[in-house]
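Notes follow the structure.
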Amino acid sequence: MKKVAQWSTEEVSQWLTEEGMPEYSESFQHLNGQDLLKLTKADFQSPPLSLVTSDGGRQLLDKIETLRIEHHIEAHKNGHANGHAIVAADGDGGGKAKRNGVLNGFRKDAVQIPIPEPERSPYPVEWGKTAIAFLYAVCCFVFTTVMISVVHERVPSMETDPPLPDKFFDIFDRVEWAFSICEINGMLLVALWLLQWTLLKYKSIVGRRFFFIVGTLYLYRCITMYITTLPVPGRHFKCAPKLFGDWEAQMRRVLKMIAGGGLSITGSHHMCGDYLYSGHTVMLTLTYLFIKEYSPKRFWCYHWFCWILSAVGIVCILLAHDHYTVDVVVAYYITTRLFWWYHTMANQQALKETSQSNFFSRVWWYRFFQYFEQNVQGIVPRNYELPFSWRPPRWSQTKYTRIDT
Amino acid sequence: MASPELLVERDSADTRLDMRVEEGHGELPNGAPCAGHGAAGEDGGKRSHRKCIRKPRDYIKISVPDGRSSQLPLEWWKTGIAFVYAVFNLVLTTVMITVVHERVPDKEENPPLPDKFFDYIDRVKWAFSVTEINGMVLVGIWFVQWLFLRYKAIVGRRYFFLMGTLYLYRCITMYITTLPVPGMHMTCAPKLYGDSQAKVHRILQLISGGGLSITGSHLMCGDFLYSGHTVMLTLTYLFIKEYSPRSFWWYHLMCWLLSAVGVVCILVAHEHYSVDVVVAYFITSRLFWWYHTMANVQTLRGCPNNYLTNTWWNPVFNFFERNVQTQVPCVFCWPITWPPACFKNSCKKYSMVQSIREE
């Protein structure tokens, strides 16, 4: 942009129009850049300018001042001599006022640009919180195991309480090896998820979410298992004998179950009564949801494969007559709703604050959710990295030195 | 002398101004005194007049948001559809109860399942009447409150949709697995074994009695997972609380007490298993909150990472709530008179700076 001092009358007129002061263009028809810079307040107090101006020319003078400063800065950049040249060229009349304007006005109108502090990462690692979530999940697992062994004592015997009528069982007969398929699928899915998790960049955040959701689902399961005990779904069940208060033997059973991961295939699960709702369905559904959520969208083959594993596993639970249909349906419903609820809350900043329109904040675990997710800003991107690569710390942060230190 | 001169000049000024003024003179109040009119002379008069109406090129248009009426369209026909949906689901539930009744295992064959609540608290005979009375009172209160709401159509639509969906879920869970009766005290009507006419008769009887035992219409067993009474008590309370002024804490407390006592009495009467009540409460509250968050938080609409849209009823939700662009305000008015007569009550409401267009 040409220096103001060198503007022609047309450019002055154009500038006036651009700045929204067309009323002056008529009076300034003969003014060029230098004359513009020479204008003072006094000029606006006598005709002809006093007639066109409504504010004593204040607005126009301010804008001219701004122009001067811009060009003064530019001039300084290009070299001091040019600036001085401008000052000298304007000479006597407006020169004094202008010089004052330049020096004093420059300081008065100086704008302090605050340098932002180096930003915290929007996805802080915070392994401490992940550890807490892990502890919570472990507690819930142990609690579930204890609860299963307690409920086992109360399961009505097969003679007094035959299996309840179930629509799926009416249509499909039992297939013996189906439950092994379900458990193999479950183990595969968990292994795949674990592998995928180690490759994620934001392991701690995703891990925290997985542990929290799993823990909560098993906690709910404890409650529903305990309050009402359903009878065994099929006559093929071999339930371990009841212990009637033998605490030591019960503890041993609990430990054996935890060691076997609660799976029948490892021979650790001989206890009955844990029907409403199905823990196998929870694991199958939840690992599939997490796998799909935290892997690239274009891996549709992989997603389909995992979906088939999950669906076949769930159907096999029913085929094996190992759970009632309502157990599986309720487990699916609760798992999907909780997963979607949690992730929608985590992805929307608006839902992380309590407000009248945010009903999501009314769940009992909202405070825990806030504790886990308050520093996570935005949607966790699906970035991957090798788990054990080492990066020297100083390469990971770029620093910009301040201009004036 | 001065006047004809002024007139002429004013005309020319006006013609010149017309090219510049983009919005038209209507925006500026004609009666507003022009600044500096008295001070200037003749020419000053013309110039001052011009400066009043002059507009700088870079004016900013402040768009006034649409009046409330366009953000909350009533659309009674959608409410009608929701009502039909709810009625359909209620009828389906009734049919399902009749079907399931045939499959309920005998009391002797399948004794009541062990239930923790039943172990601690023995049965109280009149408790279930308390539940049903509370339910009827709550529904009555809600109906009266609904009549007085300004945006009846929108709220009614939501109520019918949620109730219909909850009863639909209930049909599914009732049908797939049949629980035995929770207590030996329950008298179940005899099974009909294929007598369709009698079954239809039972269905009509159940519908006409509203599904309540107190009216003597509900003699069938098997509809245990999950509890429809809990659904009605919880849902009605949630709606009452949501669509009434925040300051009516005593009213909310009273309704909460009615609801809670009703739910506890279901268990005390040994009419449902504990798991039925817990699951019913869970599903009702989650569905209510889910629906209302989707409806009220505008940033969720059209957001790509909104998992709330993964539900099967999302298209139906979009159909019902597409044109509702803001949270339904808590405004009441007389039910019979026409909308313009709506009075304002103690609800907090901020009127717009300009005239209140929705009145």
- prompt: Residues that are at pLDDT 75 or above, away from chain A (no Cβ under 14 Å) and closer than 30 Å to residue B:178 by Cβ: which helices (runs of 4 or more DSSP H) entirely in the range B:41-123 hold 2 or more of them?
  reply: B:76-101
task: Please give the number of the condition residue B:162 fails out of (1) away from chain A (no Cβ under 14 Å); (2) surrounded by 19 or more Cβ atoms within 10 Å (Cβ to Cβ); (3) over 25 Å from residue B:110 (Cα atoms).
output: (1)
query: Considering only the range B:97-116, how many residues are surrounded by 19 or more Cβ atoms within 10 Å (Cβ to Cβ) and touching a residue at least 24 places away in the same chain (Cβ under 8 Å)?
result: 10
statement: Note: among B:216, B:209, B:222, just one is out of contact with any strand residue (DSSP E or B) (no Cβ under 8 Å at 6 or more places or on another chain), modelled with pLDDT under 90 and within 14 Å of another protein chain (Cβ to nearest Cβ), namely B:222
message: Residues to consider are A:300, A:304, A:340; find the one that is under 19 Å from residue B:304 (Cβ atoms), more than 9 Å from chain B (Cβ to nearest Cβ) and surrounded by fewer than 23 Cβ atoms within 10 Å (Cβ to Cβ).
response: A:300
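Being buried (at least 23 other Cβ atoms within 10 Å of the Cβ), of a type in the set (S, T, N, Q), more than 19 Å from residue B:176 (Cα to Cα) and touching a residue at least 40 places away in the same chain (Cβ under 8 Å) is the requirement here; does residue A:287 meet it?
So residue A:287 fits the description; yes.
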- line: Within the range A:1-50, residues within 21 Å of residue A:69 (Cβ to Cβ), of a type in the set (S, T, N, Q) and outside any loop (DSSP other than H, G, I, E, B) come out as A:6, A:14, A:34
message: Residues that are basic (Lys, Arg) and over 29 Å from residue B:280 (Cβ atoms): does the range A:146-160 have at least one?
response: no
- request: Pairs only if they're at least six apart or on different chains, beta carbon under 6 angstrom, first in the range B:246-271 and at negative phi, second aromatic (Phe, Trp, Tyr); list them, first residue then second.
  value: B:255/B:237; B:259/B:237; B:267/B:117; B:269/B:128; B:271/B:128
- request: Go through the residues of the range A:241-248 one by one and say whether even a single one is aromatic (Phe, Trp, Tyr) and more than 14 Å from chain B (Cβ to nearest Cβ).
  value: yes
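Residues are listed down the side, and each one gets a yes or a no for (1) of a type outside the set (Lys, Arg); (2) assigned to a loop (DSSP other than H, G, I, E, B); (3) at pLDDT 90 or above; (4) in contact with a Cys (Cβ under 6 Å, 6 or more places away or on another chain):
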{"residue": "A:258", "(1), (2), (3), (4)": "yes, no, no, no"}
{"residue": "A:271", "(1), (2), (3), (4)": "yes, yes, no, no"}
{"residue": "A:282", "(1), (2), (3), (4)": "yes, no, yes, no"}
{"residue": "A:287", "(1), (2), (3), (4)": "yes, no, yes, no"}
{"residue": "A:290", "(1), (2), (3), (4)": "yes, no, yes, no"}
{"residue": "A:295", "(1), (2), (3), (4)": "yes, yes, no, no"}
{"residue": "A:304", "(1), (2), (3), (4)": "yes, no, yes, no"}
{"residue": "A:307", "(1), (2), (3), (4)": "yes, no, yes, no"}
{"residue": "A:313", "(1), (2), (3), (4)": "yes, no, yes, yes"}
query: Within the range B:172-180, can one find any residue that is in a loop (DSSP other than H, G, I, E, B), surrounded by fewer than 21 Cβ atoms within 10 Å (Cβ to Cβ) and within 14 Å of chain A (Cβ to nearest Cβ)?
result: no
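Which is among the β-branched types (Val, Ile, Thr) and within 17 Å of the chain's Cα centre (by Cα), of B:84, B:91?
Just one listed residue meets the conditions, B:84.
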query: Got a number for residues in the range A:127-153 being within 14 Å of chain B (Cβ to nearest Cβ) and surrounded by fewer than 16 Cβ atoms within 10 Å (Cβ to Cβ)?
result: 1
Count of residues meeting criterion [free of Cβ contacts under 8 Å to residues at least 24 places away in the same chain and away from chain B (no Cβ under 12 Å)] in the range A:20-60: 13
- prompt: Restricting the first residue to the range A:208-237 and requiring it to be under 26 Å from residue A:125 (Cβ atoms) and within 14 Å of another protein chain (Cβ to nearest Cβ), which pairs with a second residue that is small (Gly, Ala, Ser) and assigned to a helix (DSSP H, G or I) meet a Cβ separation below 8 Å and a spacing of at least six or different chains?
  reply: A:209/A:133; A:209/A:346
task: Filter the range B:265-301 down to residues that are more than 14 Å from chain A (Cβ to nearest Cβ) and in a helix (DSSP H, G or I) and give me whichever is farthest from residue B:142 (Cα to Cα).
output: B:268
message: Quick check on the range A:154-201: of everything there that is in contact (Cβ under 8 Å) with a residue 24 or more places away in the chain, within 14 Å of chain B (Cβ to nearest Cβ) and part of a helix (DSSP H, G or I), which residue is surrounded by the most Cβ atoms within 10 Å (Cβ to Cβ)?
response: A:169
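The values are calculated or read from the model by the stated rules, or taken from the named source; none is laboratory data. Nothing here was measured: the structure is a model prediction, and the numbers come from that model. Ideal geometry is used to build each Cβ from the backbone, glycine not excepted, and the neighbour counts take in all protein chains shown.
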